[in-house]
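A short worksheet on the structure shown next.
The values are calculated or read from the model by the stated rules, or taken from the named source; none is laboratory data. As the structure is a prediction and not an experimental result, all values here were calculated from the model. When we count neighbours, we look across all protein chains shown, and the Cβ atoms used for this are built from the backbone with ideal geometry, even at glycine. Side chains are part of the model used for accessible areas, which takes the heavy atoms of the whole protein and leaves out ligands, DNA and RNA. Shrake-Rupley method; radii C 1.70, N 1.55, O 1.52, S 1.80 Å.
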Number of protein chains: 4
Amino acid sequence: MARPVNEEKRLERRKRILKEAVILFAEGGYSNTTTAIIAERVGVTPGTIFQYFPSKEALYYAAVLEPLADIQVKSLACLQQEGTPGALIKNMVKEQFNDIYFYTNELRLAQSVLGQRIRFPELTQKVLESIKVMTDAIESVYAEGQLMGEFDKSFSPAMISRSYISFLNGVGLTLGESIIHHPEWENLKGHAYYLFAPIQPKEKLEESK
Amino acid sequence: MARPVNEEKRLERRKRILKEAVILFAEGGYSNTTTAIIAERVGVTPGTIFQYFPSKEALYYAAVLEPLADIQVKSLACLQQEGTPGALIKNMVKEQFNDIYFYTNELRLAQSVLGQRIRFPELTQKVLESIKVMTDAIESVYAEGQLMGEFDKSFSPAMISRSYISFLNGVGLTLGESIIHHPEWENLKGHAYYLFAPIQPKEKLEESK
Amino acid sequence: MARPVNEEKRLERRKRILKEAVILFAEGGYSNTTTAIIAERVGVTPGTIFQYFPSKEALYYAAVLEPLADIQVKSLACLQQEGTPGALIKNMVKEQFNDIYFYTNELRLAQSVLGQRIRFPELTQKVLESIKVMTDAIESVYAEGQLMGEFDKSFSPAMISRSYISFLNGVGLTLGESIIHHPEWENLKGHAYYLFAPIQPKEKLEESK
Amino acid sequence: MARPVNEEKRLERRKRILKEAVILFAEGGYSNTTTAIIAERVGVTPGTIFQYFPSKEALYYAAVLEPLADIQVKSLACLQQEGTPGALIKNMVKEQFNDIYFYTNELRLAQSVLGQRIRFPELTQKVLESIKVMTDAIESVYAEGQLMGEFDKSFSPAMISRSYISFLNGVGLTLGESIIHHPEWENLKGHAYYLFAPIQPKEKLEESK
DNA sequence: TATGAATGAGAGTTCATTCAT
DNA sequence: CATGAATGAACTCTCATTCAT
């Protein structure tokens, strides 16, 4: 009874629609991106979009939330590996700064939702929740790191995690198109970790005295 | 000469239109905000808008750029006062974090432009230029501060100034509506200055050795 | 402040739209009549329709109910004049059979609503209510006529009034286009009154014995 | 020869499609009833409908005309039995008022066609022809009844038959959903026969004098 | 100068129909 | 034969802009 082949085809096409939608919505915004243009890019006719998504808005929701969920999973995974809190965070920062490059459109899309909170209140809530999940995870790892003497104990973990997320988003927002080729890109990545106020080995030594 | 009273009236009305446009565009985005709604909020009829702005797009440009220029002037003024670089920057940070609250709509509007670079390329350029003016100014004050031993010399001023601006924008973007009532708000403000890697008096002493 | 001229113009145009809508909806049904066609008939552009009616459905409602209300007022007026119940009813029948001719479209429109009860439930209710107002009015006049010996006392007034209304609607429905030129038209009108089971003078005499 | 079993299956399925189509078209009208919904109700996929009917319009035609033909056959059969004209007509009235209940959807469907004469002109003609066949049949039986002194001779048979058919249709149209439970239902049925102006035995006696 | 009705191009969405599987 | 995804024309409705008043 099952028709695995067709089901696969459907998912494949759904994915392609979503992919193009992410690009176009990110570049042009919600209203300026017509369903007809998305269809054209995908290589189907206007009606086909609506076989996969009940409405343009539903497509927008999916284009915003589905990639965000993927990114979140990846980021959280960084924090659940073996290693000291400091190493985990360092690794996460590296990973996420790579993501800024690989998921530029996906992240800008989420950011633009935050810029239209009145218009898409539900979606805004979900994006903010997704951010909260991230900051909470960072917070607890960071607190542990403080206990282990890897981070300066004088900062509130809640503040630190929020600072970092703000910084991360701000970087994606304010840097130009070719973000990764920016002359200060590598330095910025380093400064992201500095935000966590890590204690240098030398200082660590001193502190432990 | 001319008709100064009427001229005044015109400017007054233009200002009111712009003010409402900023609020509505910031809340609802460009396409979702109709000229009719703006007119209604201002208390005029749809046609009137077009007596003050040649098109909806022109109104949007003005709504984005004019407040941004004002904020820029204020911020730059902070850096041109009397005082050590460290004091100037500390003051600027304080001022700008206040602005996040007082000019929430104006700043979000500018941010949302950055989220639609393809759609409003010219406007995007102008916003990025405005950001560049700011980072450049910060950069030179910061470099001076480094020379004076107020900031850690190991960081590139270009990177530091960009980091700060990214942070500033990210905070506005990712914090909730009532940003200022966020429990970590005050700490965040403090961390913004930490980002500049200021040298503590004690350290300053050590360093100067 | 009032702009009576414009207000008048608006009402005038609203009336014209409604008039064309009645004709087209009656001839082609709801779905088959496009707002563009209505606009074209009226001599305006498609958008204009929506300055006078918020939606196609609202226009349909108005096209069905407003003429129905007018017809009802006229019909009820017949029953509120001076005269014996028999004379009033006779006059009403005459009036209403004229209306079948003059308001063919309006009445067919109302009938077609009754043919789509599931689709327009609210509208159906209102049309049925309008019919009930009519049957109730007839019922009470008829009952009075029975008391005065003008009508056969063996029939229930409720049944008689419903019979008549059914007959009236059925005539409009089943007779051809040029209803009034039907060879039996005049006879049908007479039979409509026969349906009330009036007592002939001779019979009246007999009965009164 | 051929494949009678499959042929039977085909007919069976065609019947089911038609049955659902009648219900749905009657409840929702032509345009509001999609082929997809019909297919779903029948339990097949959209494409299948078009294996049995060349187009939606053809299905509509069949849904209107085929049941109408059945009903007509039944009604005509009433008039072709043994018995006096009066008895035949009395029986037919009884039969047809039952049909109003049993074939509510089929009859409403036919009525709604009459409400859209411009849109379905051919279909309208066929429905009107079907009505004419009925009135003609009644007319001739009625005329015979008049000759036999069962009906008042002063009425035109053409008018009487049309009156009755109008009444019959009007009753179906204007009475509510649960037509048969209407408190006046039984009385209405009786009045339908009264419309034929039957002569009471006593009167018959008098008249025959 | 302000008005606000009219405009008309263009948006999202629906759905009868087709056809490769 | 049945399927059901794809089609694409056609629909309703929106809204920036114009212009006679």
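Condition check: within 24 Å of C:Trp185 (Cα to Cα), open to solvent by 10 Å² or more (accessible area, probe 1.4 Å) and out of contact with any strand residue (DSSP E or B) (no Cβ under 6 Å at 6 or more places or on another chain). Does C:Ala143 satisfy that?
Values: within 24 Å of C:Trp185 (Cα to Cα): no; open to solvent by 10 Å² or more (accessible area, probe 1.4 Å): yes; out of contact with any strand residue (DSSP E or B) (no Cβ under 6 Å at 6 or more places or on another chain): yes.
Considered against the rule, which asks whether it is within 24 Å of C:Trp185 (Cα to Cα), open to solvent by 10 Å² or more (accessible area, probe 1.4 Å) and out of contact with any strand residue (DSSP E or B) (no Cβ under 6 Å at 6 or more places or on another chain), C:Ala143 comes out as no.
Which members of the range C:93-120 meet the condition of being modelled with pLDDT under 90, open to solvent by 40 Å² or more (accessible area, probe 1.4 Å) and more than 9 Å from every other protein chain (Cβ to nearest Cβ)?
Scanning the range C:93-120 gives C:Asn98, C:Tyr101, C:Phe102.
Quick test for you: out of C:Lys126, C:Lys74, pick the one residue that is open to solvent by 60 Å² or more (accessible area, probe 1.4 Å), away from every other protein chain (no Cβ under 14 Å) and more than 20 Å from C:Ala158 (Cβ to Cβ).
Working: C:Lys126 fails: away from every other protein chain (no Cβ under 14 Å).
From the options C:Lys126, C:Lys74, the qualifying one is C:Lys74.
For the subset of the range B:6-56 comprising residues that are touching a Lys or Arg at 6+ places or on another chain (Cβ under 6 Å) and near DNA strand F (Cβ under 8 Å from one of its atoms), which member is farthest from B:Gln111 (Cα to Cα)?
B:Thr35
Could you tell me whether any residue of the range C:143-156 is of a type outside the set (A, V, I, L, M), touching a helix residue (DSSP H, G or I) at 6+ places or on another chain (Cβ under 6 Å) and within 8 Å of another protein chain (Cβ to nearest Cβ)?
Yes, because at least one residue in the range C:143-156 is of a type outside the set (A, V, I, L, M), touching a helix residue (DSSP H, G or I) at 6+ places or on another chain (Cβ under 6 Å) and within 8 Å of another protein chain (Cβ to nearest Cβ).
Testing C:Glu40 on (1) more than 12 Å from DNA strand E (Cβ to nearest atom); (2) assigned to a helix (DSSP H, G or I), one condition comes back false. Which one is that?
If we test C:Glu40 against (1) more than 12 Å from DNA strand E (Cβ to nearest atom); (2) assigned to a helix (DSSP H, G or I), just (1) comes out false.
If the Cβ limit is 6 Å and pairs must be 6+ apart or interchain, which residue in the range D:57-76 that is free of Cβ contacts under 8 Å to residues at least 60 places away in the same chain and away from DNA strand F (no atom under 16 Å from the Cβ) pairs with which residue that is small (Gly, Ala, Ser) and assigned to a helix (DSSP H, G or I)?
If the second residue must be small (Gly, Ala, Ser) and assigned to a helix (DSSP H, G or I), the pairs left are D:Ala63/D:Ala21.
Got at least one residue in the range A:54-62 being away from every other protein chain (no Cβ under 14 Å), of a type in the set (Gly, Ala, Ser) and on the phi > 0 side of the Ramachandran plot?
To start, the set of residues in the range A:54-62 that are away from every other protein chain (no Cβ under 14 Å) comprises A:54-55, A:58-59, A:61-62.
After this cut, where a residue has to be of a type in the set (Gly, Ala, Ser) as well, the list is A:55, A:58, A:62.
If we keep only those that are on the phi > 0 side of the Ramachandran plot too, we end up with none.
For the range A:54-62, residues away from every other protein chain (no Cβ under 14 Å), of a type in the set (Gly, Ala, Ser) and on the phi > 0 side of the Ramachandran plot: absent.
Please tell me if A:Leu18 is surrounded by 18 or more Cβ atoms within 10 Å (Cβ to Cβ), within 14 Å of chain B (Cβ to nearest Cβ) and part of a helix (DSSP H, G or I).
no
Identify, please: which residue in the range B:9-29 is free of Cβ contacts under 8 Å to residues at least 40 places away in the same chain and touching a Phe, Trp or Tyr at 6+ places or on another chain (Cβ under 9 Å) and is, among those, nearest to DNA strand E (Cβ to nearest atom)? Walk me through how you get there before you give the answer.
Quick first cut of the range B:9-29, residues free of Cβ contacts under 8 Å to residues at least 40 places away in the same chain only: B:9, B:11-16, B:19-20, B:24, B:28.
Applying the additional criterion that residues be touching a Phe, Trp or Tyr at 6+ places or on another chain (Cβ under 9 Å) yields B:13-14.
Values: B:Arg13: 6, B:Arg14: 9 Å.
Per the criteria, the residue is B:Arg13.
Restricting to the range A:31-68, what's the tally of residues that are touching a Ser or Thr at 6+ places or on another chain (Cβ under 7 Å) and surrounded by 14 or more Cβ atoms within 10 Å (Cβ to Cβ)? First the steps, then the outcome.
Quick first cut of the range A:31-68, residues touching a Ser or Thr at 6+ places or on another chain (Cβ under 7 Å) only: A:31-32, A:39, A:46, A:49, A:56, A:68.
So of that shortlist, the ones also surrounded by 14 or more Cβ atoms within 10 Å (Cβ to Cβ) come out as A:31-32, A:39, A:49, A:56, A:68.
Matching residues across the range A:31-68 total 6.
Give the range D:79-92 a look and list any residue that's surrounded by fewer than 20 Cβ atoms within 10 Å (Cβ to Cβ) and in contact (Cβ under 8 Å) with a residue 12 or more places away in the chain, or say none.
Residues satisfying the conditions are D:Leu79, D:Thr84, D:Lys90, D:Asn91.
Name, by its number, the condition in (1) touching a Cys at 6+ places or on another chain (Cβ under 7 Å); (2) within 16 Å of DNA strand F (Cβ to nearest atom) that does not hold for B:Met92.
Every condition holds for B:Met92 apart from (2).
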